[in-house]
1. Quick check on this structure: which one of Tyr529, Tyr570, Tyr524 is over 20 Å from Glu638 (Cβ atoms) and among the aromatic types (Phe, Trp, Tyr)?
2. Here are Val479, Val468: which of them is touching a residue at least 40 places away in the same chain (Cβ under 8 Å) and of a type in the set (Val, Ile, Thr)?
3. Filter segment 118-135 down to residues that are crowded, with 20+ Cβ neighbours inside 10 Å and touching a Lys or Arg at 6+ places or on another chain (Cβ under 9 Å), then give me how many there are.
4. What residue, among those in segment 287-330 that are surrounded by 12 or more Cβ atoms within 10 Å (Cβ to Cβ) and among the polar types (S, T, N, Q), is nearest to Glu343 (Cα to Cα)?
5. Specify which of the listed residues (Ser631, Ser640) is over 16 Å from the mean Cα position of the chain (by Cα) and either open to solvent by 40 Å² or more (accessible area, probe 1.4 Å) or free of Cβ contacts under 8 Å to residues at least 12 places away in the same chain (or both).
6. Based on this model, can you work out whether Ala508 counts as of a type in the set (Gly, Ala, Ser), modelled with pLDDT of 95 or more and over 30 Å from Gly697 (Cα atoms)?
7. Given the criterion closer than 28 Å to Gly723 by Cα and touching a helix residue (DSSP H, G or I) at 6+ places or on another chain (Cβ under 8 Å), identify the matching residue among Leu633, Leu608.
8. Of all the helices (runs of 4 or more DSSP H) wholly in segment 1-82, which have at least 2 residues that are at pLDDT below 90?
Amino acid sequence: MNHFARDAVKKFEDKIGLRFQLFNSLFLSLPFFGIEKTGTLLPLFNQACESGYENGKSPLEIVEGFFATNTALTSESHKLDLLFRFVQYAERQVVLFDALEDASFDELHDLDGSGSVKYLQNLVRQNQKTAQFQKRLSNFGVRLVLTAHPTQFYPGSVLGIINDLEGAIRINDTAEIKVLLQQLGRTPFFKKQKPTPFDEATSLIWYLENVFYQAIGKTGNELRDGFADASPDLGNLIKMGFWSGGDRDGNPFVKVETTIAVADALRTAILRSYYSDVKKIRRRLTFSGVENLISELEKRLYKKAFLEETSQALTKESILELLFEIRNVINEQHMGLFVELVEDLINKVEVFGLHFATLDIRQDSSIHVRIYEHIAEETSALPDDFAKLSEDEKISAILNSKTKIDLNTFEDELTRDTFSVVNAFRGIQETNGEQGANRYIISNSQSALHVIEVFGLFLLSGWEPEDVTVDVVPLFETVDDLRNAAHVMRELYEIPTYRDHLKRRGNAQTIMLGFSDGTKDGGYLMANYGIYRAKDELTKVSREFGIEVIFFDGRGGPPARGGGKTHKFYSSLGKNISDKGIEITIQGQTVSSNFGTIDAARYNIEQLLSAGIKNTVFAEKEKTFEGEEESLLRDLAEYSFEAYSDLKNDPIFLEYLENVSPLKYFAKANIGSRPARRGNASSKLTLKSLRAIPFVGAWSQMKQNVPGFYGVGSAIQQMDDRGKLEEISELYNQNAFFKALVDNCEMSMQKTFFPLTAHLAQDPIYGDFWRKIKDEYERTRKYLAIITGRDSFMADFPVARESVLMREKIVLPLTTIQQYALTKIRKGGDEFNESYEKLIVRCSFGIINAGRNSA
């Protein structure tokens, strides 16, 4: 452990560990809920859980033993009432812990260390790489895309309290902390109604206004100040994306009206942010020749942001023109006084324009197939026998159709709405700029036809080919789709009409690769290797056609969904993988964990920027894998896939998830507008219909984390049997990609706790299946210790390890109560089943919120 890491661990103990004990004591003494001794009993219950699991007791035995020993409660309703109070306290302890970590972020992370813009600046100068750096800045960018995936449960009111609590803790204002803890105790965490897609968008816009706006502005200043000669184009270097209100995949509640309303909300939010900055700047820019210009800008912004005036156009360019004029006058006539305030706003306008974040549209390919069936049946735009044509014939029919569709022709609401969305692109681009909405993502892309179907929607809506200012983005997710991706793109590149479209779009093609469904389908190792292999092959075929491919990674949340230390993966890639940009989804708890404060957002944005820039400017690595390294990883992935497939194909697999985990209760939690599964909710559950988020979340809540490690131990054991164990150890020590993969796996395993479900080992239905998972965990732990040379998980990330350990301790009562309720329901015939179900749902909130450091 290096000096900074040791110092950070000490600071973690002082700033978070000890302060949590202090503030938690205050917190538990407050009589929030009118029930005496709840705060006193919770620590006793926590101790009962710890000692109970050490002695091999089940959650049922622990809870019933606690009631018998520590309370005089006899009725089940009174016991349930106390358990609900425990849940309310514990989930608020998580909030307290969040605020403590947020307040100490800058002390626990070296903000000017490796991966920061300042560090990069020194590195460039020391190595005399300014020319290479300038070139890299001109053809690289980072895009962070905020999604609405429901992996965090805090309502907006609680997010505000966390923000205020973090501020009070920073200045050690004990009186304010006490007041905020009281407010927290009386603020409901549970939503009585599901949020609408617009509600979700509003929550994410809060982060755009309060975090990303300031953080990216500061990073922009660092880049401009540190690399003045390079003149970085911030508008291309840093971009924000947005899915809420545009992501239709499996969400029947997202309509064209939603999309337009969210685009309007994004524009209004950025205009008000600019207006707020201009008001502050005006207090300093009181100079002759400047005051009138800044006043004019303030008036224009106010009319657009608050009065929604439409008579006078306001564009990104017109705002910048005024700011440039103001800057010139200050520099030429007033010795540059306060010019940095203007520069800061220029940086923000260049990045955010009038769109704030690009609103992506996403839909599943199967929906487009249905829509084309309606088009063929109800219009003359396509042949009557369209459904029977070959793929090539369908592509030809779509691209050669000269008919403009009247959306009112269709009775099907989804078809009408889809054409309305295509038409909405024009309006959004007119008001928000082209960056307002210029991407259409296709889930489950499996053929060139799936891409042409979307391109064809624009042509059938009356767009001329040369006017389609929209990128069509295929999304490859499953193991088979990833393996077939390069073949699909080759077929697509060979279509002249589509190649002409790409030429007009700068000869660039964005391709999205989804990790979550890849893990669900193929397991942890295969998902990671499958995406790498797909990137390698897609890079080759794209370069063959003169296309610059940009990879958009659907990663986020825990390592089992592609999260973890993502910048480590990017910095490990060789020149065989296209590095035009880093585009990544920021979803669920990843927003608050990695980007919840200005300091955290700056740190993580700069880590991604640095990973992408250093990899080209300084790295000498031609390939991600050298010699036999890739063949070793390929064999590991195949062996892992076999082991995971054996588990996945076990007849008890889905039944186990439905009855032992809280999977079936995800739909009852009012956390997101999108259903927890695709298709008809009343139909039989299948792995294909099950969404990746509840799939990974269910394993996580019962502390088994199968998607994050299963198959790794079996794979290494197979290599050991072949006498390859030493080579695997060398691979870990010498290859950054494999090391990042293993380190993230360790994070998943650090969060496992098999004593929670150990009672299932003797269950007549689930016993064999539970033991299979436990055996794989022990096998993986054994082999990871061998290849890493470490006896404990996450040794290279000591602060994160301490955070995980403390959070797991906080939520131990919640996981225990949840498993207790699940056990009671499985026993059946209880009149309190409805209450147990509510208890399961409520426990989910705190358990998942506590996992914010999983990113």
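The values are calculated or read from the model by the stated rules, or taken from the named source; none is laboratory data. Predicted model only: the values in this text are computed from it and were never measured. Neighbour counts are summed over all protein chains in view; Cβ atoms, including those assigned to glycine, are modelled from backbone coordinates with ideal geometry. Ligands, DNA and RNA are stripped out before the accessible areas are found, and what is left, the full protein with its side chains, is counted by its heavy atoms. Shrake-Rupley method; radii C 1.70, N 1.55, O 1.52, S 1.80 Å.
1. Tyr570
2. Matching residue, one of Val479, Val468: Val479.
3. Of the residues in that region, 1 qualify.
4. Taking the candidates together, the pick is Asn328.
5. Ser631
6. yes
7. Sole residue among the options that is closer than 28 Å to Gly723 by Cα and touching a helix residue (DSSP H, G or I) at 6+ places or on another chain (Cβ under 8 Å): Leu633.
8. By residue number, 3-12, 19-28, 38-54.
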